[in-house]
Amino acid sequence: MRCSKISLLCFRLALLLPPQAVAAGCGPTYGADGIALDGKGNVWFTHFEDARIGRLSSGGGKFREYLASVKANPVVTTQAGRVDKDEFDYSLDNGFNGVTLDEKNGFLWTVRFGSNRLARFSLKDASFKEFKFRAQIFHTRRPLPMAADGSLWLLIAKPSANGLESGGLVKLSRNGEIAGEFALPGGAFVSPVVAVDGRRRPWVALTPADGTQARLYTLDEGRWLQRDVPEVGRFVTGMVFDRHERLWLAAPEKNAIARYVSGKVTLYPVPTANAFPQQVFVDPEDRIWFTEWNGHRIGRLSDTGRIKEYALPDEEESPLTLAFTGDGKVWFSTLFNYGLFRLDPRTGSVQEYVVPPPSNWFGDAASVSSTCAISSRAAAAGAIDTTPLKPSRHPRDYAKNAAAALFEKSCNTQCHSWYRVDKVAHRRTDWAATVDRMIWLNGAKFIGETQRDEIIRYLNESYAAKKQGLAR
């Protein structure tokens, strides 16, 4: 599915599904997700396809992983039954979405991706505990909304054909006890975003399911107060308060960052056209930063309203989330990359920190975890465009031979850039299952048997874990 123009269908899909489900509906969907820095400068992070928490020591040196799962992705590889241990469901290996550190109380909080579960990690003994809710938790990869007292605010809802329904905002105490649930105003909705102000009040941005106009609500003493913000367009994807209690919003449809103060909205247009600003953050110096989903850049807004953009390395995909060091550097993650990056705004230089895949990945577990759900539906409707496209990116030093050309022409079309193949190579021992799925499920039936064999041979020789000595 290509959404170059925002049709109503694509609009609803883009708002209802997590961004990676839209941009990466085909092929393997993995990568670093949330990032948080502790008081010692250690970098904590999560991956939305793997139930583990990672930590890079201060300065990006030593790496350590904390595994919450005994086996990688059993729900997609073996359809394993439910296995509970130490109050953690080990059968639901969906990974984690977003991360928030509460060092005062000794916890790290994160959401089980695409589920109704919140996970709590103890910084003291590295133990995991889960909290279940009546409906799915909808949260982006930014930090979970936490008030000054350590309480969390989570938005839950039930997905339906019309969007999200039966929505509620749940308040959790710092120990994970439910302190209240407040039904969301209005009917079905999409694109939920939550932020907490200095008075510990939650603010929610929602878009009615018909996609008419984003709405802003404040929960004040148990009552919802609505604020109309027509200037921001039909939806909001990120929201944060600065030290002066000014509310900043990412407004992708307007290709701008918006500031909301006392009922007035001010827009700051992003210089890169169609950048799709996705998330917005505040650094320790109270400066506004944001990610550009389509622009492949990170932006910073100055006090005078000028925007400076920092380009990602050429071969990297969309930026996901940001975290800030005390000396002004910016940590960030990108789509389809286990590693992390650190930007020095003074020089514009970016340093990559390679993170190994989870140690509990076994064999070819990933080969069945990347079903192209969106294109599979399109294929069933006969809507797949099989015209080979020119790849948008190439890996460094890729093999320029006849087999590579065949792969580029036949496979690198709807779902991914060639660079993604290079990035996921360490999680493959045999590409046969993946190629067959692309042929039979994802509409690549124009690939003949001889071509199939040649493509698989090429991938196994050039982009497989056994080549890198990582096969298990």
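Pairs meeting the criteria (first residue in the range 40-51 and on the phi > 0 side of the Ramachandran plot, second residue surrounded by fewer than 24 Cβ atoms within 10 Å (Cβ to Cβ) and not in a strand (DSSP E or B), beta carbons under 8 Å, at least 6 apart or on different chains) are Gly41/Ser58; Gly41/Gly59; Gly41/Thr325; Gly41/Gly326. For residues that are of a type outside the set (A, V, I, L, M) and buried (at least 18 other Cβ atoms within 10 Å of the Cβ), scanning just the range 175-196, find the one that is modelled with the lowest pLDDT. The residue in question is Ser191. Inside the range 333-348, residues that are among the hydrophobic types (A, V, I, L, M, F, W, C) and at pLDDT 95 or above make up a count of 1. The one condition from (1) closer than 26 Å to Arg246 by Cα; (2) under 21 Å from the mean Cα position of the chain (by Cα); (3) acidic (Asp, Glu) that Glu315 does not meet is (1). Inside the range 215-240, residues that are aromatic (Phe, Trp, Tyr), buried (at least 18 other Cβ atoms within 10 Å of the Cβ) and over 23 Å from Glu309 (Cβ atoms) make up a count of 1. Filtering the range 59-100 to residues that are surrounded by fewer than 21 Cβ atoms within 10 Å (Cβ to Cβ) and modelled with pLDDT of 85 or more leaves Lys62, Phe63, Arg64, Glu65, Tyr66, Thr100.
Sort out for me the strands (runs of 3 or more DSSP E) sitting completely within the range 254-364 that have 2 or more residues that are assigned by TED's automatic domain parsing to the domain that holds Leu67 and touching a helix residue (DSSP H, G or I) at 6+ places or on another chain (Cβ under 9 Å).
256-261, 264-269, 277-282
Scanning the range 267-301 for residues that are of a type in the set (Asp, Glu) and more than 17 Å from the chain's Cα centre (by Cα), which turns out farthest from Val196 (Cα to Cα)? This residue is Glu285. Residue by residue through the range 22-58, note down the ones that are surrounded by fewer than 24 Cβ atoms within 10 Å (Cβ to Cβ), modelled with pLDDT of 70 or more and in a loop (DSSP other than H, G, I, E, B). Answer for the range 22-58, where residues must be surrounded by fewer than 24 Cβ atoms within 10 Å (Cβ to Cβ), modelled with pLDDT of 70 or more and in a loop (DSSP other than H, G, I, E, B): Asp38, Gly39, Lys40, Gly41, Asn42, Ser57, Ser58. Residue pairs whose Cβ atoms lie under 6 Å apart, sitting 6 or more positions apart in sequence or on different chains, and linking a residue in the range 308-323 that is more than 27 Å from Thr100 (Cβ to Cβ) to a partner that is among the aromatic types (Phe, Trp, Tyr), are Glu315/Tyr419. In the range 198-214, which residues are in contact (Cβ under 8 Å) with a residue 24 or more places away in the chain and exposed (fewer than 15 other Cβ atoms within 10 Å of the Cβ)? Of everything in the range 198-214, those that are in contact (Cβ under 8 Å) with a residue 24 or more places away in the chain and exposed (fewer than 15 other Cβ atoms within 10 Å of the Cβ) turn out to be Gly198, Arg200. For the range 188-251, the strands (runs of 3 or more DSSP E) that sit wholly inside it and include 1 or more residues that are of a type in the set (A, V, I, L, M), over 24 Å from Thr272 (Cα atoms) and more than 26 Å from the chain's Cα centre (by Cα) are 215-220, 223-228.
In the set Phe113, Phe131, only one residue is at pLDDT 90 or above, in the same structural domain as Gly98 (by TED's automatic domain parsing) and not basic (Lys, Arg); that residue is Phe131. Hey, among the residues in the range 314-328 that are farther than 17 Å from Ile288 by Cβ and either of a type in the set (Gly, Ala, Ser) or in contact with an Asp or Glu (Cβ under 7 Å, 6 or more places away or on another chain) (or both), which one's modelled with the lowest pLDDT? Result: Ser318.
The values are calculated or read from the model by the stated rules, or taken from the named source; none is laboratory data. All of these numbers come straight from a predicted model, not from anything done at the bench. So basically every Cβ, Gly included, is an ideal-geometry build from the backbone, and we count neighbours across all protein chains shown.
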